[in-house]
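Notes for the one structure printed next.
The values are calculated or read from the model by the stated rules, or taken from the named source; none is laboratory data. Source: prediction; values computed, not measured. Every residue, glycine among them, receives a Cβ derived from its backbone with ideal geometry; neighbour counts consider all protein chains shown. Side chains are part of the model used for accessible areas, which takes the heavy atoms of the whole protein and leaves out ligands, DNA and RNA. Shrake-Rupley method; radii C 1.70, N 1.55, O 1.52, S 1.80 Å.
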Amino acid sequence: MANSTGRASTTDDPNTSVNSEGKRVVSADDWSWSRFTKAIKQGRFPVGLLLIMFIIPLSAGVAILSWGLTYTAALSSASTLANSLQEQILARIVSEFTFRIHTLERSTDQQSRNWHDGWFSKATDADKEKVVDILINTLAPNADWYTSQHFTLVPEGEFWGINAFPDGNGSFLYGPMYSYGENWTFWMSDEDGNNLELAGWEIYNNSVRMNCNGANEIWVSDIDKTNPKSAAWTPVYLFEGIGYQTHTHAIFQGGNFIGVQGADFTLDFVHDLLKKLAAAIPYRGYIYAFELGDTSDVMIGSSLDVEVYDIYERDSNATAIRALTLPEFAANASGWESLKVLHDHLLQYNSTGSLLYYITRPDRPAVLELHLSDGVYIAQMTEVISLNLHWGIIHFVRRDDILEELTKSNRKIIGIVAGVVVGGILASVVFSYSLSRALHKITRDLVLLSDFQFKDVLQKDLDKGSGMARPSFSRIAEL
């Protein structure tokens, strides 16, 4: 409460007191924590407290904001880099697949022109044998890209051609195939066309013989027999447990359809390339290739170990008889979880979970985030298209692997930020304490000045009658 002079009592102002003469004086005690807390209890916020309340949130906010902006930028950069890496891998896959496909297509087109221009003839068996001898000159330089050159005559059904077989030493042996009516014979020869031995196909392919009429085979039936430029790819098929795809081109002579010129490649190269590229990046992931169709999407290769992750249905003799489809892989979630999750996503767009339907949608997102049991995976996909050949390539990469180094660095940064914040808080407390002490002393001097006690302020001889202890230090005297 106020005294008779109108000045505050000691209970009202923690910085002042009333002496024996009833005069208001500043307490001789230095500023202290007890005086600080006493002011707070009286509902008054000392300058020191206000400074602490301002500096702590400011320092913490600046530190956290700086960390947040830095981490967000780093996260965005890492994601962009990962997406770019996936795009480059998919682009390389498309490039290599397309080169192989177009190389094979050009070879059949070239031979079809030879038939059309009269360089090839089917008039006699000797003429057809000569065609096979010439076909080896096309196959030999390209044996790394496709495995055979052949032609099928219609309506005779004769199947003639040449096959390339790796000899295990980095070179190839060649197998000319002659078809005298339905009497099919198979030789082994070198790349100069010199026959080495008369061989049965069983030497290489489990007793398969070709003594049959080929006029209605799958590589003939898809050709438009009225169009000299007609060309097509067969669907994926298995021959002696090996996946094949065949490209054929119509051959005409004298304006008449006489058969098809064809070439094959095995699908082993799909697995080999996907496995090599998956191993070339330091992140866990999977790459799959599918033949896309109106009724089913058939697996043609993956980056996984084929000894563990088989992509074929097999008979009782363990011979592959059929390539499996995407829904069949999705049904085996324990071994193909990534495809199960992908198929579930596709079902949101189509009742059958068609990859063809989804991948051809113009509004589909470029990047998918799919949640697997071991983390979140980023998936991108692309297409390989040539004539009626339509493949889909899907690349999965584990996001946590991409962000692993960033996450480790982030933990360190969080520790540094926390240390900076704590240091800032301690510094603000010390600064506020020092500033409050200085302000207390200035307040004390101002009170002395208001009572005209200049000697006390200037630290000259003290009037002993005032009853006030002489200040040990004066801010005003300092000035």
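You will find that of Tyr349, Tyr312, Tyr377, the residue that is farther than 28 Å from Ser84 by Cα, modelled with pLDDT under 95 and among the aromatic types (Phe, Trp, Tyr) is Tyr312 and no other. Identify all residues within segment 247-288 that are touching a Phe, Trp or Tyr at 6+ places or on another chain (Cβ under 6 Å) and aliphatic (A, V, I, L, M); write none if there are none. Scanning segment 247-288 gives Ile251, Ala263.
Regarding Pro166, is this residue under 24 Å from Ala250 (Cβ atoms), modelled with pLDDT under 95 and in contact with a strand residue (DSSP E or B) (Cβ under 8 Å, 6 or more places away or on another chain)?
Numbers: under 24 Å from Ala250 (Cβ atoms): no; modelled with pLDDT under 95: yes; in contact with a strand residue (DSSP E or B) (Cβ under 8 Å, 6 or more places away or on another chain): yes.
It is false that Pro166 is under 24 Å from Ala250 (Cβ atoms), modelled with pLDDT under 95 and in contact with a strand residue (DSSP E or B) (Cβ under 8 Å, 6 or more places away or on another chain).
Would you call Tyr286 in contact (Cβ under 8 Å) with a residue 12 or more places away in the chain and closer than 25 Å to Asp222 by Cα? Considered against the rule, which asks whether it is in contact (Cβ under 8 Å) with a residue 12 or more places away in the chain and closer than 25 Å to Asp222 by Cα, Tyr286 comes out as no. Residues that are assigned to a strand (DSSP E or B) and either modelled with pLDDT of 95 or more or open to solvent by 50 Å² or more (accessible area, probe 1.4 Å) (or both) within segment 219-241 comprise Ala231, Ala232, Trp233, Phe239, listed in sequence order. Whenever a residue of segment 343-366 is touching a residue at least 60 places away in the same chain (Cβ under 8 Å), its partners that are assigned to a helix (DSSP H, G or I) and open to solvent by less than 80 Å² (accessible area, probe 1.4 Å), lying with C-beta atoms within less than 6 angstrom and at least six residues away or across chains, give the pairs Leu355/Leu326. Filter segment 301-324 for residues that are surrounded by fewer than 20 Cβ atoms within 10 Å (Cβ to Cβ) and among the hydrophobic types (A, V, I, L, M, F, W, C); which is farthest from Glu383 (Cα to Cα)? By that ranking, first place goes to Ala318.
In segment 222-236, which residues are acidic (Asp, Glu) and touching a residue at least 60 places away in the same chain (Cβ under 8 Å)? If you could, list the steps in order and put the result at the bottom.
So in segment 222-236, the residues acidic (Asp, Glu) come out as 222, 224.
Correct list: Asp222 only.
Residue pairs whose Cβ atoms lie under 6 Å apart, sitting 6 or more positions apart in sequence or on different chains, and linking a residue in segment 250-269 that is surrounded by fewer than 19 Cβ atoms within 10 Å (Cβ to Cβ) to a partner that is assigned to a loop (DSSP other than H, G, I, E, B), are Phe252/Pro228; Phe257/Lys225; Thr266/Thr147.
Say we look at segment 91-129 and pick out the residues that are polar (S, T, N, Q) and not in a helix (DSSP H, G or I); which of these is most open to solvent (accessible area, probe 1.4 Å)? Give the steps one after another, and end with the answer.
Initial filter on segment 91-129 (polar (S, T, N, Q)): 95, 98, 103, 107-108, 110-112, 114, 121, 124.
Of the ones still in play, those that are also not in a helix (DSSP H, G or I) are 121, 124.
Working: Ser121: 40, Thr124: 66 Å².
If we take residues in segment 91-129 being polar (S, T, N, Q) and not in a helix (DSSP H, G or I), then Thr124 is most open to solvent (accessible area, probe 1.4 Å).
Kindly provide the set of residues from segment 136-157 that are surrounded by 14 or more Cβ atoms within 10 Å (Cβ to Cβ) and among the acidic types (Asp, Glu), ordered by number. Result: Glu156, single match.
Take the conditions in a helix (DSSP H, G or I), of a type in the set (D, E, K, R), open to solvent by 30 Å² or more (accessible area, probe 1.4 Å) and free of Cβ contacts under 8 Å to residues at least 40 places away in the same chain and apply them to Asp133. Does it pass? Judged against the criteria, Asp133 is not a match. Anything in segment 327-346 that is part of a loop (DSSP other than H, G, I, E, B), modelled with pLDDT of 90 or more and over 20 Å from Ala278 (Cβ atoms)? List them, or say none. If the condition is that a residue be part of a loop (DSSP other than H, G, I, E, B), modelled with pLDDT of 90 or more and over 20 Å from Ala278 (Cβ atoms), then Ala331 is the only one that fits.
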